[in-house]
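The values are calculated or read from the model by the stated rules, or taken from the named source; none is laboratory data. Quick caveat: nothing in here was measured; it's all calculated off a predicted structure. Cβ placement follows ideal geometry from the backbone for every residue including glycine, while neighbour counts extend to all protein chains displayed.
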There are 2 protein chains.
Amino acid sequence: MQAFAIDFQNDLTKLMRWRRDVRRFRTDPVDAATITHCLDAFSLAPSVGLSEPWRVLKVESPTARAAALDNFKSANMQALAGYSGEKAKLYSGLKLTGMEDAPVQLAVFCDDQTAQGANLGAATMPETRRYSVVGAITLFWLTARARGLGVGWVSILDPARLARDLDAPEGWSLVAYLCVGWPQENTDTPELETAGWQTRARHLVIESR
Amino acid sequence: MQAFAIDFQNDLTKLMRWRRDVRRFRTDPVDAATITHCLDAFSLAPSVGLSEPWRVLKVESPTARAAALDNFKSANMQALAGYSGEKAKLYSGLKLTGMEDAPVQLAVFCDDQTAQGANLGAATMPETRRYSVVGAITLFWLTARARGLGVGWVSILDPARLARDLDAPEGWSLVAYLCVGWPQENTDTPELETAGWQTRARHLVIESR
């Protein structure tokens, strides 16, 4: 297993280009086998000390969904209060979550207290455990997109409140709230760019030392 | 652009399976165009508010390399002091960095103070800026592996000291130190598993709420 074929390399770049943050979902369900297959990608992610600290809560009950949506609404109202003038007007018109429609919703946590891995690699940078969870989410996202599924990452939330509302075990901290489902449309342009909030710079700052 | 072909989906899973943390590199150089191509993947990553907060320093000079290696050695000695008995013996025998051999070494930072994105999505969870950098690293890693390149993430470091030693701009925080090069061997098994430090659990904790 050396390099992968050129065609695959090109398609991989294409996948990354078409992987977007989706906030507009169709409401039809996603079959359980497809979701399970995508979740399997978590276990292929790198993790510090092989700690595999990712933990997933499927947010399914009406009570849990309502708590999460209410959390978003509060955080979003607070965020809006941080802008003024044209920027506030623009912000209030943005669609920043698919929580009202997405058929599958996942709260992804990091178990900061896991004994697995015996703390290897995490002594000076304990945040690498959470970074491991982010890597796993990225693999999940690509796997889902390869199947045509859309994923949207909601971060406008009070993470401690969500953990409490979802009765997350002690020591778990929220890394991401993911909305998953079939997208209403496919695009290679971020919605924040289309909406005029922010243009991609696309240049990577690289300096030598 | 709907779903990708089944063959691609299968190869993507294979890529994730063969993406390993590499610590044993051949010393022959990697051509600049290949590295540039892999770095281009950063710009395809999702970022909170489209903030694109990733910043990369190529660690190239003998002085910078020596500072980074010395940083690792200090942190690793401290980490070793945290283990005793058999675990200490096992730890001291592990190869945890490829910094002595890897031809390309990158210090990857997050610009926590970037104005890009106007803080959208990062008010309640500012850590999502760093998480954006981790997503970009993950895309870089997959792109590199697809070309047969190995990547190793070193986290046994004092991040503040490294930022100082590399003269990183104010407000940048270290997310990862990456070693990149042609791997001495390819495997689908983590070195920590082979070395007997930690077995992968591979089961994903999933509960419903």
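What to note about this one:
- Taken together, B:173, B:208, B:155 contain a single residue that is in contact with a helix residue (DSSP H, G or I) (Cβ under 6 Å, 6 or more places away or on another chain) and of a type in the set (Gly, Ala, Ser), which is B:155.
- Tally, over region B:77-96, of residues that are within 10 Å of chain A (Cβ to nearest Cβ) and in contact (Cβ under 8 Å) with a residue 40 or more places away in the chain: 5
- Cβ-Cβ under 6 Å pairs, at least 6 apart or on other chains, region A:1-21 side surrounded by fewer than 20 Cβ atoms within 10 Å (Cβ to Cβ), far side in a loop (DSSP other than H, G, I, E, B) and modelled with pLDDT under 95: A:1/B:186; A:17/A:188; A:18/A:188; A:18/B:1
- Checked against the criterion of being in contact with an Asp or Glu (Cβ under 9 Å, 6 or more places away or on another chain), crowded, with 21+ Cβ neighbours inside 10 Å and more than 28 Å from residue B:190 (Cα to Cα), region A:23-37 contains one or more residues that satisfy it.
- Residue check, residue A:106 within 10 Å of chain B (Cβ to nearest Cβ) and modelled with pLDDT of 95 or more: yes
- Test: residue in region B:113-120 that is at the interface with chain A (Cβ under 7 Å from one of its Cβ atoms) and closer than 29 Å to residue A:50 by Cα: no
- Every residue from region A:85-123 that is in a strand (DSSP E or B) and not acidic (Asp, Glu): A:104, A:105, A:106, A:107, A:108, A:109, A:110
- Residue match in region A:45-62 (condition: more than 8 Å from chain B (Cβ to nearest Cβ), touching a Phe, Trp or Tyr at 6+ places or on another chain (Cβ under 8 Å) and buried (at least 22 other Cβ atoms within 10 Å of the Cβ)): yes
- Residue in region B:168-186 that is surrounded by fewer than 18 Cβ atoms within 10 Å (Cβ to Cβ) and small (Gly, Ala, Ser) present: yes
- Residue ID - farthest from the other protein chains (Cβ to nearest Cβ), chosen from residues in region A:1-33 that are in a helix (DSSP H, G or I) and of a type in the set (Val, Ile, Thr): A:6
- Checked against the criteria, residue A:170 counts as closer than 16 Å to residue A:112 by Cα and in contact (Cβ under 8 Å) with a residue 40 or more places away in the chain.
- Counted as qualifying within region B:124-209 are the strands (runs of 3 or more DSSP E) with 2 or more residues that are within 17 Å of residue A:51 (Cβ to Cβ) and under 19 Å from the mean Cα position of the chain (by Cα), namely B:150-154.
- Test: residue in region B:68-84 that is surrounded by 22 or more Cβ atoms within 10 Å (Cβ to Cβ) and part of a loop (DSSP other than H, G, I, E, B): no
- Checking each residue in region A:123-141 for being more than 7 Å from chain B (Cβ to nearest Cβ) and either surrounded by 21 or more Cβ atoms within 10 Å (Cβ to Cβ) or free of Cβ contacts under 8 Å to residues at least 12 places away in the same chain (or both) picks out A:127, A:129, A:130, A:132, A:133, A:136, A:137, A:140, A:141.
- Criterion violated by residue B:138 - all others in (1) touching a Ser or Thr at 6+ places or on another chain (Cβ under 6 Å); (2) at positive phi; (3) modelled with pLDDT of 95 or more satisfied: (2)
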